[in-house]
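Here is the structure we will look at, set down as structure tokens.
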Amino acid sequence: MNDKIFTADLILAGGIVVNSRARFRADVAIKDGLILAIGAPDAMPRAREIIDVASKYILPGAIDVHVHFREPGYTHKEDWRTGSAAAAMGGTTTIFEMPNTDPPTRSVKELREKQAAASKAHVDYGIYGLLAEDNIGELEGLITGGVNAFKCFMGNTFGNLPSPSTGAMLEGFEVIAPSGLRISLHAETASIMAWRQERLMAAGRNDPLAHIAARPAIVAAEAVARAAELAGWTGARVHVLHISSAIELRPLTEAKARGVDITGETCPCYLLLDTRDYARLGSIIRVNPPVREHSDSLAIWEALQTGVVDMIATDHAPHTPEEKQQDIIWRADCGFPGVETQMPLMLNEVAKGRISLEHYVKISSENPAQSFGLWPMKGRIEIGAHADIAVVDMERTEVIRAATLHSVRARITPFEGVSVTGIPIHTLVRGRFVQRDRSLIEATSGWGRQVTNIQRMPQAKPRNTDQTLAAALQGPFEALAGTAA
Ligand code: DOR
Ligand code: ZN
């Protein structure tokens, strides 16, 4: 045997490896950014460095398919360096970043600007391209130009990007479907919200709960149902972002049952907060979609257990404390940082026995990796996979404090003062520590790389390809010929 080849860079010794099916005691050897060996100590290769992680858990790093890092355009809130530092501190090794920056990521030129900003990242990343009314002609370019997924704002939120008409959405789905890239949906119907918010404002409602009145759960359910129909018709893969209500689970469940390739995420705020927290938190809790009733949280927890909701993400949405703290609810920016606190908050639920550690790995790593085409290189602790790892101490307790968040310009959180047990004490991205012993490794800014979708999977269920707008625009003969075939 060639010793050089079989010498590892690093061994994590004495830990407990976790995947969705099991946990087992094993050492993990890492070489050239990949996992080289998993097994008993005496089966390990030699290594340059051995780190004792006895009684700590070795999890695949979280994959958060929903963050906003604000650069370019809103760097007074966050930038790629601070946002990805927060991810590294939170045990998150891959993020997918949203296109509601300034300029929005709606063409290849803007994709290149986003990639330039992202070159500072501590962790690996996917980049979303925008699907909007005015950039249908850019979608092909974005696909070949290297976006990792698409985002469609069916309802307005920060950035106020106009939501596309259902007609534009359908054409967008037709164009994107053959690429296999997933389209993530901000599933709230704009016209309902605009109507209600105007009426509420006219009536003088300025209190935090007015925000829910403007965006009741029907807004989400209607949008999910409509998007699921378009996905089923076109064969496009879709993903429902930030599931906040019990009733949107119905169209989601139904679409899954008939084979639509649709996945869903929720975020810690929809699991851990509800209407009872509005009085205490005021405008800080304002987020789109809104935090809802306790009964909604219970239904989402259940759906997370049964697999109707596939994954946990954060909608990490940093704003400055001044932008968040407003007496008139309509003036408060929506969202709050989340990428740093997701894992501790969810591990705290593991510690309380609400969800198993194995299931946490499934919803934080395995399912996002599989749904977004990163599997089998990411999302698992297996030989040959990227060594993207969160080493977790399930005995350690910390108190969440906005003042210590690495999103340094957005130090405000609805989880202020919450005590959490279960902390990522080291984070490795492709074998390199980006966080070690609860300290950020500053020098790893720039280590993060854009992910490649390993499976540019052909669309799961090609549907109605003969009835696309693009085919019809070719003329009646081509369109009819398509129908006959
Ligand atoms: O509250 C939100 N804020 N929801 C979103 O969907 C977007 C986000 C933001 O970018 O601030
Ligand atoms: Zn978002």
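The values are calculated or read from the model by the stated rules, or taken from the named source; none is laboratory data. Everything numeric here is computed off the predicted structure, so don't read it as measured data. We place every Cβ from the backbone using ideal geometry, glycine too, and count neighbours over all the protein chains shown. Side chains included, ligands, DNA and RNA excluded: accessible areas come from the protein's heavy atoms. Shrake-Rupley method; radii C 1.70, N 1.55, O 1.52, S 1.80 Å.
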What helices in the chain pass both tests, a Cα length along the helix axis of 20 Å or more and a mean Kyte hydropathy of -1.0 or higher, using whole DSSP H runs? 217-234
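On average, how much accessible surface per residue is there in the stretch 353-404, in Å², for a 1.4 Å probe, leaving out ligands, DNA and RNA? All intermediate terms of the calculation are to be shown ahead of the outcome.
Values: 1790 Å² over 52 residues.
Heavy-atom accessible area per residue stands at 34 Å².
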Excluding same-chain residues fewer than 8 positions from LYS352, which lysines have a Cα within less than 19 Å of its Cα? LYS56, LYS362
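Output the peptides 360-370, 208-218 sorted from most to least packed, where packing is the average of other Cβ atoms within 10 Å over each peptide's residues. Please report the intermediate quantities before stating the final value.
Working: 360-370: 25.2, 208-218: 18.8.
Output ranking for 360-370, 208-218: 360-370, 208-218.
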For the chain, whose charge dipole is built from +1 on Lys and Arg Cβ atoms and -1 on Asp and Glu Cβ atoms, the candidate among VAL28, TRP301, MET193 with its Cα farthest towards the positive end is VAL28
To the nearest 0.05, how large is the calculated FRET efficiency for ARG48 and ALA351 if R₀ is 41 Å and r is the Cβ-Cβ distance? 0.75
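At 222 nm, what value in deg cm²/dmol follows for the chain if DSSP H runs of at least 4 each add -39500 (n - 2.57) and the sum is divided by all its residues, to the nearest 500?
Helix contribution divided over all residues of the chain: -8000 deg cm²/dmol.
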Solvent exposure of the stretch 257-317 as accessible area per residue, Å², 1.4 Å probe: 30
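Just to confirm a number: summing +1 for Lys and Arg and -1 for Asp and Glu over residues other than ASP315 whose beta-carbon lies under 10 angstrom from that of ASP315, what do you get? Show your work: numbers first, answer last.
Working: positive: none; negative: ASP64, GLU265.
Charge balance in the 10 Å sphere: -2.
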Of the residues ILE95, THR157, PRO178, the Cα lying farthest along the dipole of the chain towards its positive end, which is defined by charges on the beta carbon of Lys, Arg, Asp and Glu, belongs to ILE95
State the extension gain, in nm to one decimal, for the chain segment bounded by TRP330 and THR253, taking 0.36 nm per residue of separation less the distance between their alpha-carbons. 24.4 nm
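If you wrap a convex hull around the alpha carbons of the chain, what volume per residue comes out, as a whole number of Å³? Before the final figure, lay out each step's value.
Numbers: hull volume 70.2 nm³, N = 485.
With only Cα atoms used, the chain gives 145 Å³ per residue.
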Rounded to the nearest 20 debye, dipole of the chain from Cβ charges on Lys, Arg, Asp, Glu: 520
Give me the dipole magnitude in Debye, nearest 20, for the stretch 126-279 about the Cα centre, with unit charges on the beta carbon: positive for Lys and Arg, negative for Asp and Glu. 380
If you stretched the chain out fully between HIS76 and ALA403, how much longer would it get, using 0.36 nm times the residue separation minus the C-alpha to C-alpha distance? 116.0 nm
Quick one: grab Rg to one decimal and Dmax as a whole number for the stretch 107-245, Cα atoms only, in Å. 16.4, 49
Once the Cβ-Cβ distance between SER295 and GLU382 is put in as r, and R0 is 45 Å, what FRET efficiency do you end up with, to the nearest 0.05? 0.70
Size of charge dipole - the stretch 351-425 - debye, nearest 20, with Cβ of Lys, Arg +1 and Asp, Glu -1, no other charges: 260
Using alpha carbon centers only, the stretch 269-319 is separated from the stretch 1-77 by a whole-angstrom value of 31
State the percentage of accessible surface on the chain attributable to carbon and sulfur atoms; use a 1.4 Å probe and exclude ligands, DNA and RNA. 54
Between ALA213 and ARG436, the two model label points (7 Å from Cα along the beta-carbon direction) sit apart by a distance in nm of 5.5
